[in-house]
Amino acid sequence: MTRQTTMLNAYTPGAGHLSPQDEALAQRRTQALGPAYRLFYETPVHLVRGQGVHLYDPDGTAYLDCYNNVASVGHCHPRVVQAMSRQAATLATHTRYLHDGILAYAERLLTLFPAELSHVMFTCTGSEANDLALRIARAATGGTGVIVTDNAYHGVTLATAEMSMSIGPAVAPGPAVFPIPAPSAQNYPQGIAAGFAAAVTAACDRMEAQGIAPALLIVDTIFSSDGVYPDPEGFLAPAAAAIRARGGLFLADEVQPGFGRTGSHFWGFQRHGVVPDMVSMGKPMGNGYPLAGLVLQPKTIAEFGAKARYFNTFGGNAVAAAVGLAVLDVIRDEGLQANAATVGQAFTQGLRSLAQRHESLGETRAAGLFVGQTILTDGQPDPVRTARLVNALRDNRILISSTGPKGDSLKIRPPLPFSLGNVDQVLTTLDRLLPTV
């Protein structure tokens, strides 16, 4: 499968229709940050403020945010900001002192998991959480082999970048990383559950033929970078059994689908009736504050914990714990998981209704407020048309992006307070733009 190694909706310096001020800002950015950074959109957006589901440019123009799952409870939520500022003004220190805050947060967070998952370790980013999980898996299993999907994204550390096939062949896969096809009906026409599990077993065979013992199967449970493949519910359970049968562990990467986004469940893995050995979290966990973590079964961490110590200067600090608690409070008090289910269903149904009038809309794949929408030309997925649509939506003040190995699907994952009115705005705009791109 051809993997996407460049962003089709990225800015090319000097090619956008920027104001002189923003062109100068873009040039300063390149000079200061270097060549590895990228900007979204052919014409980048200059943002200065966020509130709720909107972002604002210097002129006060509002952009509807359909993409940022980091600010999952809404940009600059006042309760989260208040918790952050209050704790920062009181105590901001690490986890090697006794302090109630981290324990209150850890205990509250663990109530949201199956009873078997009863330990939590804190980091600053999802990349760190997945990196730590790999270290623990190696200690627990004695193996080093890792199985990922073939356009996965799991982080930016050396180890996790080598597990992130979407970054491209200059980085991934690493020497002990074995990619398998994403769980789509196209890849597994005889059945996704059995086919995906068989692919895990075949990957174990390949690694063992090279003298590599299996350590870990890691999946983003919504398969967001692969194109968004949430269904059928339950298909991950046989794959988890397959890796365990070969002595490896199953890690559910909940950095993108977690914290109520799928609507029906708080965690993506719960849709599949499986209890992972480890669960990694990040992005929405702190609503923009760098907070991430790894939840584990006690038996999984036993060997690592007996032989190594873990310390992270900023992971789980007092401010992070206060922010994390506030995020959980907002999700509960504002009914955001239920909102994700209701609004996500309306969004999905609306896209499928639009597809009856627009041949350019292909398959809609969704769970709650996480949607993948394939864009077609003459019945075939079309990444170039998808990029044109992404940029046309940007020009109509709707921020969105693309996903999949070739970038031929819209990636829709707005903040959880997204409303039915917001959905109507997107659908109406799509209805108008589709014939023009």
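The values are calculated or read from the model by the stated rules, or taken from the named source; none is laboratory data. Worth saying up front: this structure is predicted, and the values here are computed from it rather than measured. Quick reminder, even Gly has a Cβ in these numbers, built from the backbone with ideal geometry, and neighbours come from all protein chains shown. Ligands, DNA and RNA are excluded from the accessible area calculation, which covers all protein heavy atoms including side chains. Shrake-Rupley method; radii C 1.70, N 1.55, O 1.52, S 1.80 Å.
Taking 7 Å steps out from each Cα toward its Cβ at Thr30 and Asp231 produces label points 4.4 nm apart.
How much length is gained if the chain between Asp205 and Arg49 is pulled fully straight, taking 0.36 nm per residue apart and subtracting their Cα-Cα distance, in nm to one decimal?
Value of the extension gain: 51.0 nm.
Listed options for Rg/Rh (Cα atoms, Kirkwood Rh) are [x] 0.96; [y] 1.23; [z] 0.98. The value calculated from this structure is the one marked [x]. Expressed as a whole percentage, what fraction of the accessible surface of the chain belongs to carbon and sulfur atoms when a 1.4 Å probe is rolled over the protein heavy atoms? Carbon and sulfur atoms account for 54 percent of the accessible area of the chain.
Computing FRET efficiency as 1/(1 + (r/R0)^6) for Lys299 and Ser19, where r is the C-beta to C-beta distance and R0 is 56 Å, gives about 0.45. At a probe radius of 1.4 angstrom, the accessible area of the range 195-307 per residue rounds to 27 square angstrom. Highest mean packing first, where packing is the average number of other Cβ atoms within 10 Å per residue, the peptides 366-377, 307-318, 238-249 line up as 366-377, 238-249, 307-318.
Each residue was assigned an accessible area with a 1.4 Å probe, and for Cys66 the value is about 0 Å².
Segment Asp333..Gln190, full-extension length gain: 47.2 nm, with 0.36 nm per residue of separation and the alpha-carbon distance subtracted. Lysines near Lys307 by alpha-carbon distance under 16 Å, same-chain residues fewer than 8 away left out - which ones? Output for Lys307: Lys299.
I'd like the FRET efficiency for Ser85 and Thr111, computed as 1/(1 + (r/R0)^6) with the beta carbon distance as r and R0 of 22 Å, rounded to 0.05. It comes out at approximately 0.25. Excluding ligands, DNA and RNA, the accessible surface per residue across the range 309-437 is 38 Å² with a 1.4 Å probe.
Estimated from helical segments only, the mean residue ellipticity of the chain at 222 nm is -11500 deg cm²/dmol, where each DSSP H run of four or more residues counts as -39500 (n - 2.57).
Heavy-atom accessible area with a 1.4 Å probe sorts Thr125, Thr428, largest first, into Thr428, Thr125.
Taking 15 Å as the straight-line reach from the Cα of Lys411, the aspartates and glutamates in range (excluding those fewer than 8 positions away in the same chain) are Asp65, Asp220, Asp226, Glu363, Asp382. Residues whose amide H falls under 5 Å from that of Glu363, counting only those 5 or more places apart or on a different chain, are Thr374, with hydrogens built in the peptide plane. What separates the Cα centres of the range 372-434 and the range 288-333 is a distance of 34 Å.
Looking at the range 70-116, the accessible area is 61 square angstrom per residue; that uses a 1.4 Å probe and ignores ligands, DNA and RNA.
For the pair Ala241 and Ala104 in one chain, pulling the backbone fully straight at 0.36 nm per residue adds 46.0 nm over the alpha carbon distance.
With R₀ set to 45 Å, the beta-carbon distance separating Phe311 from Ala346 gives a calculated FRET efficiency near 0.50.
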